[in-house]
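The values are calculated or read from the model by the stated rules, or taken from the named source; none is laboratory data. In this text the structure is predicted, and so the values were computed from the model without any measurement. Don't worry about glycine lacking a Cβ; one is built from the backbone with ideal geometry, like all the others, and counts go over all protein chains shown.
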């Protein structure tokens, strides 16, 4: 992987790397992909275990790829790759200069759908996973905070057609979230491409 060329532009000051490409997809391409994925994806609302309790995730999701994925007490069996997802995967692999074998799709129906603080640090992702996150639809605020230095926080806005790449020790040293928003009424689709090393 040669995304070292982006390191000087990292959004994170230390202990990991995060790079934001605001115009990864053009407006027209992003519009078309958003429409296709929203209509063609089999969206589900899954239960996860949080603080010992089983709760509904505050968003809809779908898992596509080559291998199952387990997190928060939930195991996702993969749906087959679609033509659209494979095309996106190939484009993003070229930029990230790494390979992906899975994609997690999340549908945020409005600003009340959200993602709490977490780390994508499951053993199946390896010690320094590269995760590429494509955003479509409504712009949403995205937050990082260091797990040890709580005063170190980074806030960004993920816009329609933008691509966020996280690498290095980011998933082990930083948490991230997509908080609720009272001002967002439109839907957003997020696709995170990952490489699962083992079930």
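So residue 129 clears everything in (1) closer than 21 Å to residue 22 by Cα; (2) touching a helix residue (DSSP H, G or I) at 6+ places or on another chain (Cβ under 9 Å) except one condition, right? Which one?
Just one mismatch for residue 129, condition (1).
Hey, among 81, 117, which residue is surrounded by fewer than 18 Cβ atoms within 10 Å (Cβ to Cβ) and assigned to a strand (DSSP E or B)?
After applying the criteria, what remains is 117.
Look at residue 11 and say whether it is under 19 Å from residue 167 (Cα atoms), modelled with pLDDT of 95 or more, in a loop (DSSP other than H, G, I, E, B) and in contact with a strand residue (DSSP E or B) (Cβ under 6 Å, 6 or more places away or on another chain).
yes
What number of residues in the stretch 123-140 are buried (at least 16 other Cβ atoms within 10 Å of the Cβ) and either in a loop (DSSP other than H, G, I, E, B) or modelled with pLDDT of 95 or more (or both)?
Final tally of qualifying residues: 11.
For residue 112, are the conditions met, namely being more than 29 Å from residue 14 (Cα to Cα), surrounded by fewer than 18 Cβ atoms within 10 Å (Cβ to Cβ) and either touching a residue at least 24 places away in the same chain (Cβ under 8 Å) or touching a strand residue (DSSP E or B) at 6+ places or on another chain (Cβ under 8 Å) (or both)?
yes
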